[in-house]
Amino acid sequence: MAQLTNGDVEPQPQQQETSDNARRNKIQVSNTKKPLFFYVTLSKRFMKQYGEVELSALGMAISTVVTVVEILKNNGLAVVKKIYTSTIDIRDEMRGRTVQKPKMEITVEKSDKFDEIIAEAANEEIETDQYEQ
């Protein structure tokens, strides 16, 4: 590890690669910005590419994260790997004070049948497209 001029320690290349990968397969869920199935579809893509995905939310969006994970589980696509809950302090600019918000992170990984189910769905989509033409 190299010491930087500001006193920080430069991360090892392996550590940097791991943290970059962790950032790439993390979805921050909002309950107001995107529809529910946007997050379901995005989670499928991330699991296909990285093998797992971490969904995180604050406050009222927590129920959206739980719903997304339940949809993935009930369709046989995902298995819950880790659930992490915490409370974070956020500065409320309007009131000029700090408020606490609940935070939840759920990491899911591909189920054993993930690839099979995704391939089946893709075949059905192709058949439907051919039928409509």
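Within the span defined as region 31-40, one or more residues are under 16 Å from GLU105 (Cβ atoms) and modelled with pLDDT of 95 or more.
Summed over region 66-98, residues that are under 23 Å from ASP112 (Cβ atoms) and of a type in the set (Asp, Glu) total 1. Just one residue in the set ILE71, ILE83 is out of contact with any strand residue (DSSP E or B) (no Cβ under 6 Å at 6 or more places or on another chain) and at pLDDT 95 or above; that residue is ILE71.
May I ask you to verify whether ILE117 is of a type in the set (A, V, I, L, M, F, W, C), modelled with pLDDT of 90 or more, more than 16 Å from the chain's Cα centre (by Cα) and loosely packed, with under 13 Cβ neighbours inside 10 Å? No: the conditions fail for ILE117. Scan region 81-94 and tell me whether some residue there is under 20 Å from LEU36 (Cα atoms), of a type outside the set (A, V, I, L, M, F, W, C) and exposed (fewer than 14 other Cβ atoms within 10 Å of the Cβ). For region 81-94, residues under 20 Å from LEU36 (Cα atoms), of a type outside the set (A, V, I, L, M, F, W, C) and exposed (fewer than 14 other Cβ atoms within 10 Å of the Cβ): absent.
The values are calculated or read from the model by the stated rules, or taken from the named source; none is laboratory data. As the structure is a computational prediction, the values presented were derived from the model and not from experiment. Here Cβ is always computed from backbone atoms with ideal geometry, including for glycine, and neighbour counts include all displayed protein chains.
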